[in-house]
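Here is the structure we will look at.
The values are calculated or read from the model by the stated rules, or taken from the named source; none is laboratory data. All values reported here derive from a predicted model rather than from experimental measurement. We place every Cβ from the backbone using ideal geometry, glycine too, and count neighbours over all the protein chains shown.
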Amino acid sequence: MGDYPMDWGRMTQAERDAAYNNSAAVPNSPTLNEARIAASAAFRTAHPGAALDLAYGPLERNKWDLFQATDPAAPCLVFIHGGYWQRNRREDFCALMQGVLAHGWSAALPGYTLAPDASLAAIVAEIDAALTWLGEHGRPHGIGGPLVVSGWSAGGHLTATAMTNKAVSAGLAISGVFELGPIRDTYLNEKLRLTDAEIAALSPLRLPVVPKRLSIAYGTRELPPLVGDSRALHALRAAAHAPGALLPIAGADHFTILDALSSPKGELTRHLMTLLP
């Protein structure tokens, strides 16, 4: 379980909701989101050679956006967007890829069906199918190098669960939720409708440790449950001697932590460059 510095059993519903409400905790989050969305729209326009909207499955959101490096054998960052599994879309996060592209990497962003149209188990399965597709079919689209999976918020959780996919070489989970039990007690569960089986099977803190390199990042101004989950997952993996760093990003909140990824000189971008042999 995560390290929650709060008496969860005695908290009111409002207090439990606030414990996971990142948008309310960061008052200027709408402005930050709008800036990211606008930058991503401009980014897509500026990359006419990208392979956009490639289907990996039969559903509307089962699509990839691929931004190829000059070298098809270059490493590829797969970035999974967040939004508590029920908001946002891949197209609005592509500007974050300018950091790794500047280092000669490729970048790829998968879409996935959102809750309540899909259960969390189905979402995890879609990401697994997407990664398998990219591993098998990426080369004709200019993506032939090792895949490093990263994701933010819900995407951080999906990064951790994706480490079992054979196409994945390493990972960087950013601001993730790794224990799902408390989520069921919050407003987020109205759409997620988590079951006991899903909580047990999809909480990375309850799963066997995958020995691939997985680094875990969080902002020091994040909400306590997210900080606790990040520390707890790293401790669990360290106890099993699994490789991967714990990266507290000083002064970052749940939204500004993405600055450390979008910049070519950002702390998370620079760390990604160290994840492969």
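What the table shows:
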item	result
Qualifying residues in region 136-153 (those that are within 19 Å of Val210 (Cβ to Cβ) and buried (at least 19 other Cβ atoms within 10 Å of the Cβ)) - the one nearest to the chain's Cα centre (by Cα)	Gly151
Of the criteria (1) at pLDDT 95 or above; (2) in contact with a strand residue (DSSP E or B) (Cβ under 7 Å, 6 or more places away or on another chain), which one Ala35 fails	(2)
Scan of region 110-128 for residues that are surrounded by fewer than 19 Cβ atoms within 10 Å (Cβ to Cβ) and either in contact with a Pro (Cβ under 7 Å, 6 or more places away or on another chain) or within 20 Å of Leu214 (Cα to Cα) (or both), ordered by number	Ala125, Asp128
Pairs, first free of Cβ contacts under 8 Å to residues at least 60 places away in the same chain in region 71-95, second assigned to a loop (DSSP other than H, G, I, E, B) and buried (at least 23 other Cβ atoms within 10 Å of the Cβ), C-beta under 6 Å, six or more apart	Asn88/His81; Arg90/His81; Arg90/Gly111; Phe93/His81
Region 250-259: number of residues that are more than 16 Å from the chain's Cα centre (by Cα) and either free of Cβ contacts under 8 Å to residues at least 24 places away in the same chain or surrounded by 14 or more Cβ atoms within 10 Å (Cβ to Cβ) (or both)	1
Residue in region 87-95 that is in contact with a strand residue (DSSP E or B) (Cβ under 9 Å, 6 or more places away or on another chain), under 25 Å from Phe255 (Cβ atoms) and among the hydrophobic types (A, V, I, L, M, F, W, C) present	yes
Selection count, region 24-49, where residues are farther than 14 Å from Glu91 by Cβ, among the hydrophobic types (A, V, I, L, M, F, W, C) and part of a helix (DSSP H, G or I)	4
Hits in region 131-153 - residues which are under 18 Å from Lys63 (Cβ atoms) and touching a helix residue (DSSP H, G or I) at 6+ places or on another chain (Cβ under 9 Å)	Leu131, Leu134, His141, Ile143, Leu147, Val149, Gly151
